[in-house]
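Student: The structure that follows is given in the form of structure tokens.
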Amino acid sequence: MIHEAMEVQNSKHGHIIEVCGDVPAVGTSLGGRRICGEAACGFSDAKTSSKDANERSASMRKLLIAVILCVIFMSVEVVGGIKANSLAILTDAAHLLSDVAAFAISLFSLWASGWEATPHQSYGFFRIEILGALVSIQMIWLLAGILVYEAIARIINDTGEVQGFLMFVVAAFGLVVNIAMALLLGHDHGHGGHGHGHGDHGHSHGGHDEMHNHGITITTHHLPHHHHHEAKHDDEHYHAHEADHTEPLLKTCSEGEMKSIDAAKQKKQRNINVQGAYLHVLGDSIQSVGVMIGGAIIWYKPEWKIIDLICTLAFSAIVLGTTIRMLRNILEVLMESTPREIDATKLEKGLCEMHEVVAIHELHIWAITVGKVLLACHVIIKREADADMVLNKVIDYIRREYNISHVTIQIERQ
Amino acid sequence: MEKSDSFKYYQPSEKESQNSWNAGFGLSVSDRRLAFSRQASFDQAREPHTPVSINLNDPEKPLLARSVSSIDIPTGPFYSLDESNKYSGEGNGSAQKFSFLSFVFSILRIMRSGNRYMKRLFVMISLNVAYSTAELVIGLFTGRVGLVSDAFHLTFGCGLLTFSLFAMATSRKQPDRVYTYGYKRLEALSAFTNALFLLFMSFSLAVEGLHAFIQDESEHKHYLIVSAVTNLLVNLIGVWFFRNYARINLVYRNAEDMNYHSVCLHVLADSIRSAGLILASWLLSLGVQNAEVLCLGLVSVAVFMLVMPLFKASGGILLQMAPPRIPTSALSKCWRQITAREDVVEIAQARFWEFVPGHVVGSVSIQVKKGMDDRTTLQFVHGLYHDLGVQNLTVQTDDV
């Protein structure tokens, strides 16, 4: 019996009502969901890939708008700088150019991560997102260094007081531009994208809603999601269990990936590339503030040049501090470490508590990108146990409890 | 935990690995002998948790017995369940892995116990730091902006080299709960970061050349000759230290290869840049027009070509590309051999990726007929892929 998956989007209320869930996109065997049809299947169930594509196109749209805005502002600055024959304005235009470069990298990573998996890249191209984010962050660091260098150069070559006022104005303009783009990139409440809920639905916290009984019992609930909401984790875990018990017939439906788009929006802060671009813009605004303060000080009292340098150094340090968290996430993914949100010990304990399982070893949990987790382990079972049954049990347990859908389990007998 | 007999013949000591590595240098990149042989990775015996061993030659030990097979419970501290506090302890330790204190301690450890490349790198870094501080101070006091910019460039480079050193030191740690494959990926990451920095440098040199083309301010390069020459000398010392790795295309046997290669390319690119500046000054003094643009462009292109292969290789590792050293023909041969077995219906998926060059991880999912003995199938599949050099393999057998 293979149920069909239907996603009915009720755009008026902005929720996703999902009716049943065995995804027939892959083989016709009963264990259909755990085997992908082709050798080089990426992470392609019908559901997740379309959700991914939605998310991706929404983020790409945001970034594209940001790039276009940036280019417009940059050309304005270049024209103004050439007309006024001022190096400061041209330098700021160069900074905007670096913004464009960062956005371009993010756009490219976003686009590339949607490519189909090939035999050479059997897991798909999702990692490109992470590498692109790494490159963006390197650029942020590079730019911070360049700004500090410029501050020092300003001290060495002092060419008169007019410098201060000009600096101030240019930096103010840059600040306005950056704030506009930060708002654009950070604004999470789903303009663009298909029928995403409006801002008021954005943050439904935990629990499940039983809604719109159409004869078939349907549950829309927010599964225990593991990303960045550790405080609410246990709460939602408990609720999801309740949902499981009340719908025994649809047990297979409620397990697995029944995330509504609301939950997806709420659990992923932002796509990591959009986050990187946002950080870049944020860093630029912080530094514009610093340059503005420096310019104001030089304008007001040209002797206190050293304060400009101190300001720049301080603000550069702040900018670098904002990147630390994302850098840590990136590093953890790139080093194939167990993702923070998954407790490997608990998983192992839970698996060993099953009757037929004797021991677990070679447990590896790692993430392809933030949010897509894989697992591989060897399970030793009792000699007389039914391997296939245990395999199903283990896979369902992992999928249910930890929401890891790409698992490879090697069953060995004692 | 006992390791299989098939590994007894190789006990890699540091010296031996250096020598056989040097000997292997004569082989071309496409030498297929190395792709298949077990010597492909020197690290296999050193990591007790990596399994691979199916000893098919020993008739006495039952196949897949606990004492012999790969699928053994390691008796190490990693997997015991009642040490949940250990997990939190180690989790905290790993979370603080990048803290400053651990960084200082790792420096001290290097001084005592590093291998010779680490010591050389440390010497290089100290030289660079000393030189760049001197340049910065002199530049600040005499008011020459060129010196200050050069000092900044050097400082960035030093920061990267320090990260490489840190990667070398940390990668020796054993795998723990959070980093289940170990820490060697850091070396690939540092290679990638170095390559990225060099790409940035090449790009910025191109921009500088363009800038010099548009505006004629070639004069200020003249008094940087002394600094350029000293820079060149310092970097040439670095190239001499890492002379084994001064090639563009390199076969990477293990993680350290990639890291050392990236460090060597870094200092090589820096010396090319200094040489280019000296050349530009000399040509300018000879009166050649647009000498600066020419030299900068040349240097930029040279650095780009130098770095591209390393960038692609380390990027491939980080992107989890299929291992480049295992040719697809070998993989399809394995595929055919497995499907030819009578109890196998089909292979659903087989994915391989490299953790570091030389350490291949795979996960295979096959569909078997019901009721067959999965033990023989498992052992066959493991043996087959082990011969290709796949260390960690997980095989899922689904009944159809």
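The values are calculated or read from the model by the stated rules, or taken from the named source; none is laboratory data. Every value quoted in this text rests on a predicted model; they were computed, and no experiment measured them. Here the Cβ is made from the backbone with ideal geometry for all residues, glycine too, and neighbour counts use every protein chain on show.
Student: Just checking, how many residues over region A:275-323 are assigned to a helix (DSSP H, G or I) and either of a type in the set (F, W, Y) or not assigned by the TED database to the domain that holds A:V135 (or both)? Talk me through it step by step, then tell me what you get.
Tutor: Within region A:275-323, the subset assigned to a helix (DSSP H, G or I) is A:275-300, A:305-323.
Pick out the ones that are also either of a type in the set (F, W, Y) or not assigned by the TED database to the domain that holds A:V135 (or both) and you get A:278, A:299-300, A:315.
Counting residues in region A:275-323 that are assigned to a helix (DSSP H, G or I) and either of a type in the set (F, W, Y) or not assigned by the TED database to the domain that holds A:V135 (or both) gives 4.
Student: I'd like to check something: does region A:338-349 contain any residue that is touching a His at 6+ places or on another chain (Cβ under 7 Å) and in contact (Cβ under 8 Å) with a residue 40 or more places away in the chain? I'd like the intermediate steps shown before the answer.
Tutor: Residues of region A:338-349 that are touching a His at 6+ places or on another chain (Cβ under 7 Å), as a first pass: A:341-342.
Within this subset, residues satisfying the condition of being in contact (Cβ under 8 Å) with a residue 40 or more places away in the chain are A:341-342.
Scanning region A:338-349 turns up at least one residue that is touching a His at 6+ places or on another chain (Cβ under 7 Å) and in contact (Cβ under 8 Å) with a residue 40 or more places away in the chain.
Student: If I filter region A:104-120 down to residues being assigned to a loop (DSSP other than H, G, I, E, B), within 13 Å of chain B (Cβ to nearest Cβ) and in contact (Cβ under 8 Å) with a residue 24 or more places away in the chain, which single residue comes out as nearest to the chain's Cα centre (by Cα)?
Tutor: Initial filter on region A:104-120 (assigned to a loop (DSSP other than H, G, I, E, B)): A:113-120.
Within this subset, residues satisfying the condition of being within 13 Å of chain B (Cβ to nearest Cβ) are A:113, A:115, A:117-120.
Then keep just the ones that are in contact (Cβ under 8 Å) with a residue 24 or more places away in the chain; that gives A:113, A:117-119.
Numbers: A:S113: 12, A:A117: 20, A:T118: 23, A:P119: 26 Å.
My answer is A:S113.
Student: Applying the selection to region B:242-278, what residues are crowded, with 19+ Cβ neighbours inside 10 Å and more than 29 Å from the chain's Cα centre (by Cα)?
Tutor: Correct list: B:L277 only.
Student: Checking B:T339 against (1) in contact (Cβ under 8 Å) with a residue 40 or more places away in the chain; (2) touching an Asp or Glu at 6+ places or on another chain (Cβ under 7 Å); (3) surrounded by fewer than 19 Cβ atoms within 10 Å (Cβ to Cβ): exactly one of these is not met. Which one?
Tutor: B:T339 satisfies every listed condition except (1).
Student: Now for a different question. One residue is enough: does region B:259-275 have a residue meeting the conditions over 23 Å from B:F122 (Cα atoms) and assigned to a helix (DSSP H, G or I)? Give the derivation first.
Tutor: The initial filter retains those residues of region B:259-275 that are over 23 Å from B:F122 (Cα atoms), namely B:275.
From what is left, the residues that are assigned to a helix (DSSP H, G or I) are B:275.
Checked against the condition, which is being over 23 Å from B:F122 (Cα atoms) and assigned to a helix (DSSP H, G or I), region B:259-275 yields at least one hit.
Student: Same structure again: Checking B:L298 against (1) over 23 Å from the mean Cα position of the chain (by Cα); (2) in contact (Cβ under 8 Å) with a residue 24 or more places away in the chain, only one condition comes out false. Which one?
Tutor: Of everything listed in (1) over 23 Å from the mean Cα position of the chain (by Cα); (2) in contact (Cβ under 8 Å) with a residue 24 or more places away in the chain, B:L298 misses just condition (2).
Student: If you don't mind, there's one more thing I want to ask. Does B:A255 qualify as being more than 16 Å from B:S274 (Cβ to Cβ), at pLDDT 85 or above, within 14 Å of another protein chain (Cβ to nearest Cβ) and touching a helix residue (DSSP H, G or I) at 6+ places or on another chain (Cβ under 6 Å)?
Tutor: Working: more than 16 Å from B:S274 (Cβ to Cβ): yes; at pLDDT 85 or above: no; within 14 Å of another protein chain (Cβ to nearest Cβ): yes; touching a helix residue (DSSP H, G or I) at 6+ places or on another chain (Cβ under 6 Å): yes.
So B:A255 fails the test.
Student: Of these, B:F213, B:F166, B:F203, B:F197, which one is facing another protein chain (nearest Cβ under 9 Å), in a helix (DSSP H, G or I) and surrounded by fewer than 24 Cβ atoms within 10 Å (Cβ to Cβ)? Before you say what the answer is, go through the steps one by one.
Tutor: Working: B:F213 fails: facing another protein chain (nearest Cβ under 9 Å); B:F166 fails: facing another protein chain (nearest Cβ under 9 Å); B:F203 fails: facing another protein chain (nearest Cβ under 9 Å).
None of the other options fit; the residue is B:F197.
Student: Hey, another quick one. Based on what the data block shows, is A:K372 modelled with pLDDT under 90 and under 30 Å from A:G132 (Cβ atoms)?
Tutor: Working: modelled with pLDDT under 90: yes; under 30 Å from A:G132 (Cβ atoms): yes.
When the stated conditions are applied, A:K372 passes them.
Student: Out of region A:375-414, which residues are within 30 Å of A:G132 (Cα to Cα) and basic (K, R)?
Tutor: Residue satisfying the conditions is A:R399 alone.
Student: Additional query: Within region A:345-362, does at least one residue satisfy the condition of being closer than 30 Å to A:F125 by Cα, of a type in the set (A, V, I, L, M, F, W, C) and within 9 Å of another protein chain (Cβ to nearest Cβ)? Talk me through it step by step, then tell me what you get.
Tutor: Going through region A:345-362, the residues closer than 30 Å to A:F125 by Cα turn out to be A:345, A:347-348, A:361-362.
After this cut, where a residue has to be of a type in the set (A, V, I, L, M, F, W, C) as well, the list is A:347.
Applying the additional criterion that residues be within 9 Å of another protein chain (Cβ to nearest Cβ) yields none.
Checked against the condition, which is being closer than 30 Å to A:F125 by Cα, of a type in the set (A, V, I, L, M, F, W, C) and within 9 Å of another protein chain (Cβ to nearest Cβ), region A:345-362 yields no hits at all.
Student: Return the residue satisfying two criteria in turn: it lies in region A:323-338 and is crowded, with 17+ Cβ neighbours inside 10 Å and more than 7 Å from every other protein chain (Cβ to nearest Cβ), and of such residues it is farthest from B:Y179 (Cα to Cα).
Tutor: Taking region A:323-338 first, the residues crowded, with 17+ Cβ neighbours inside 10 Å are A:323, A:326-327, A:329-338.
So of that shortlist, the ones also more than 7 Å from every other protein chain (Cβ to nearest Cβ) come out as A:323, A:326-327, A:329-333.
Values: A:T323: 22, A:M326: 18, A:L327: 17, A:N329: 14, A:I330: 14, A:L331: 11, A:E332: 9, A:V333: 10 Å.
Top of the filtered list is A:T323.
Student: Further question: Six or more apart or on different chains, Cβ atoms under 9 Å: show the pairs whose first residue is in region B:227-249 and farther than 22 Å from B:S281 by Cβ and in a helix (DSSP H, G or I) and whose second is of a type in the set (G, A, S) and at pLDDT 90 or above.
Tutor: These pairs meet every condition: B:G238/B:S271; B:Y245/B:S262.
Student: Still on this structure, I have one more. Could you grab the pairs with beta carbons closer than 8 Å, sequence gap of 6+ or different chains, first residue in region A:137-153 and outside the structural domain of A:I306 (by the TED database), second one of a type in the set (A, V, I, L, M, F, W, C)?
Tutor: From region A:137-153, no pairs qualify.
Student: I would also like to ask the following. Considering only region A:368-414, state which residues are under 30 Å from A:S109 (Cα atoms) and within 11 Å of another protein chain (Cβ to nearest Cβ).
Tutor: A:I368, A:T369, A:L374, A:L375, A:A376, A:H406, A:V407, A:T408
Student: Which residue is surrounded by the fewest Cβ atoms within 10 Å (Cβ to Cβ), if the candidates are limited to region B:356-375 and must be in contact (Cβ under 8 Å) with a residue 60 or more places away in the chain and out of contact with any Lys or Arg (no Cβ under 6 Å at 6 or more places or on another chain)?
Tutor: At the first step, the residues of region B:356-375 found to be in contact (Cβ under 8 Å) with a residue 60 or more places away in the chain are B:356-359, B:361, B:375.
From what is left, the residues that are out of contact with any Lys or Arg (no Cβ under 6 Å at 6 or more places or on another chain) are B:357, B:359, B:361, B:375.
Working: B:P357: 28, B:H359: 25, B:V361: 22, B:R375: 14.
Going through the qualifying residues, I end up with B:R375.
Student: Does B:V360 meet the test of being of a type in the set (V, I, T), modelled with pLDDT of 90 or more and not assigned by TED's automatic domain parsing to the domain that holds B:N194? First the steps, then the outcome.
Tutor: Working: of a type in the set (V, I, T): yes; modelled with pLDDT of 90 or more: yes; not assigned by TED's automatic domain parsing to the domain that holds B:N194: yes.
Considered against the rule, which asks whether it is of a type in the set (V, I, T), modelled with pLDDT of 90 or more and not assigned by TED's automatic domain parsing to the domain that holds B:N194, B:V360 comes out as yes.
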